[in-house]
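Asks: Structure incoming, see below.
The values are calculated or read from the model by the stated rules, or taken from the named source; none is laboratory data. In this text the structure is predicted, and so the values were computed from the model without any measurement. Positions of Cβ are generated from backbone atoms using ideal geometry, with glycine treated the same way; all protein chains shown enter the neighbour counts. Calculation scope for accessible area: heavy atoms of the full protein, side chains included, ligands and nucleic acids excluded. Shrake-Rupley method; radii C 1.70, N 1.55, O 1.52, S 1.80 Å.
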Amino acid sequence: MVNSTSLMRFVQPEVIARRTNSRGLQLDPTVLLRHAKRAPKLDVLRRLAGRSICEHTDVSREETIELCRLAALMEANDVAGHHPLDGKLVITAFFEASTRTRLSFESAVLRLDGKILSVPDGSVTGTAKGESLADVGEMFNSYADLVVVRHPETDALRELATGLDLPIINAGNGSGEHPTQALVDWFALLKWRPELADRNVAADRKIHLGIIGTPGNMRAVKSFLLRAVDFAPAIRKLTVVSEMADPFGNVLDDADRLGFEVEITNESAPVLPTLDVVYMNSIALLGDSYHLLGEQYQLHPGGGLRPDAVVMHPLARREELSTKLDETPQNLYFAQAAGATYLRQALLTAVLDRLERLPFLTAE
Ligand code: CP
């Protein structure tokens with residue numbers, strides 16, 4: 001196992017120097033590595049081999065943290081020369097539009113020397129002729145080693161998985177979940193404040209987390225919140241700003257037992273100046289249609305945010321997130337999106353059982 005000192009020899013300054021996002025906060029992956037003071041735990045990461053990632057419970061707190069540490073190493077070190085996914089083939093089947101998720105998964109595979117079969121639009125599959133998703137899944141078995149799926153219907157994933165023997169990764173299923181987005185989100189937060197992964201976080205370093213949106217029917221917000229519960233020791237208070245009276249729906253069984261204070265409000269102005277982190281999203285799936293958060297909750301410079309607060313957003317954005325925030329240090333959302341490729345590189349390498357090819361996990 002690589003110790004903390006020798007771990008830093010795998011950090012390539014010229015790789016770190018490459019800016020991943022053009023505006024907003026720049027996150028340094030070595031901050032996370034230095035805080036950990038050790039290499040990612042190979043035995044924990046090995047558990048992910050062959051596993052499907054359909055909902056947040058498919059990745060534990062410990063696995064999340066180790067994946068983020070591995071992703072930080074992959075961000076700091078050009079691993080392409082080790083060909084981690086050589087000979088592996090991944091299907092990305094997207095039955096709903098995507099900019100970030102599909103392309104960052106595909107970028108991750110290609111940068112690790114794997115191959116992609118891309119379905120960027122489900123209408124080019126036999127489903128347009130009435131073929132069942134179960135039959136599509138059956139076909140996938142002989143075409144690839146892993147499947148990444150997005151679908152606008154919550155139950156579609158289950159149907160596609162009926163005859164599928166390969167690991168499947170949920171890239172967003174209707175108003176269900178978006179579990180790898182939550183991993184991407186926490187990868188950004190742990191690079192911003194690595195101590196959030198600790199079991200004992202000093203009282204003055206705990207965060208007041210604000211969510212503007214509705215976890216009950218916004219999948220990215222839901223997955224982020226469910227993952228946040230794993231990091232309860234780092235959270236002082238959660239405030240959910242929503243136009244709905246019950247924004248949680250059935251997401252949380254018992255908000256009273258989370259270990260931090262929870263507040264629900266429909267007014268953002270009074271709470272914004274108290275927040276360390278604001279997570280927002282605009283798109284809620286309501287049956288077959290979308291509902292967009294209006295300008296009522298728009299975030300913009302001078303809108304009450306603290307100067308040291310950070311704003312997260314899974315994107316795509318609409319009016320709720322002013323482009324005027326892009327140039328400010330409160331913009332964590334571009335760095336959040338930029339980290340997706342590295343987090344997904346780490347996840348794919350673990351699920352496809354190719355960790356042994358990474359020199360920083362196995363070198364003496
Ligand atoms: N964050 C996210 O899911 O973005 P896309 O819809 O572009 O994939």
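Asks: Please compute the contact order of the chain in relative form: average sequence separation of alpha-carbon pairs under 8 Å and at least six residues apart, divided by the residue count, as a percent.
Replies: Values: 744 pairs, mean separation 81.6, N = 364.
22 percent.
Asks: Could you give the nm distance between label points at Asp308 and Asn266, where each point is 7 Å from its Cα heading toward the beta carbon?
Replies: Going from the Asp308 label point to the Asn266 one covers 3.5 nm.
Asks: Let's see if you can work this out: charge +1 on each Lys and Arg Cβ, -1 on each Asp and Glu Cβ, no other charges. What is the dipole magnitude of the chain about its Cα centre, in debye to the nearest 20?
Replies: Values: 39 positive and 48 negative charges, 258 e Å.
Dipole magnitude for the chain comes out near 1240 debye.
Asks: So for the pair Ala128, Thr99, with labels modelled 7 Å out along Cα→Cβ, what separation do we get in nm?
Replies: 2.5 nm
Asks: Further question: What's the carbon and sulfur percent of the range 180-338's accessible surface, probe 1.4 angstrom, rounded to a whole number?
Replies: 46 percent
Asks: Going 7 Å from the Cα of Glu138 toward and past its Cβ, which residues in the range 110-129 have a backbone nitrogen under 15 Å from where you end up?
Replies: 126-127
Asks: Let me ask you something else. Could you work out how far the C-alpha centroid of the range 202-268 sits from that of the range 39-57, in angstrom?
Replies: Here the answer is 25 Å between Cα centres.
Asks: I would also like to ask the following. If you count only protein heavy atoms with a 1.4 Å probe, what accessible area per residue comes out for the chain, rounded to a whole Å²?
Replies: So the chain comes to 40 Å² accessible per residue, rounded to a whole number.
Asks: In the neighborhood of Asp58, defined by Cβ-to-Cβ distances under 14 Å, what is the net charge if each Lys or Arg adds +1 and each Asp or Glu adds -1?
Replies: Local net charge: 0.
Asks: Percent relative contact order of the range 1-152, based on C-alpha pairs within less than 8 angstrom and at least six residues apart?
Replies: Working: 175 pairs, mean separation 35.3, N = 152.
Rounded, it is 23 percent for the range 1-152.
Asks: On to the next question. Which shape class, rounded, prolate or oblate, goes with the range 180-338 when its Cα gyration tensor gives a ≥ b ≥ c as root eigenvalues, a/c under 1.5 marks rounded, and past that a/b bigger than b/c marks prolate?
Replies: Values: a/c = 1.41, a/b = 1.11, b/c = 1.27.
Rounded is the answer for the range 180-338, as its axis ratio a/c remains below 1.5.
Asks: How far apart, in nanometres, would the label points at Asp254 and Leu110 be if each is projected 7 angstrom from Cα along the Cα-to-Cβ direction?
Replies: Between Asp254 and Leu110, the label points sit 4.9 nm apart.
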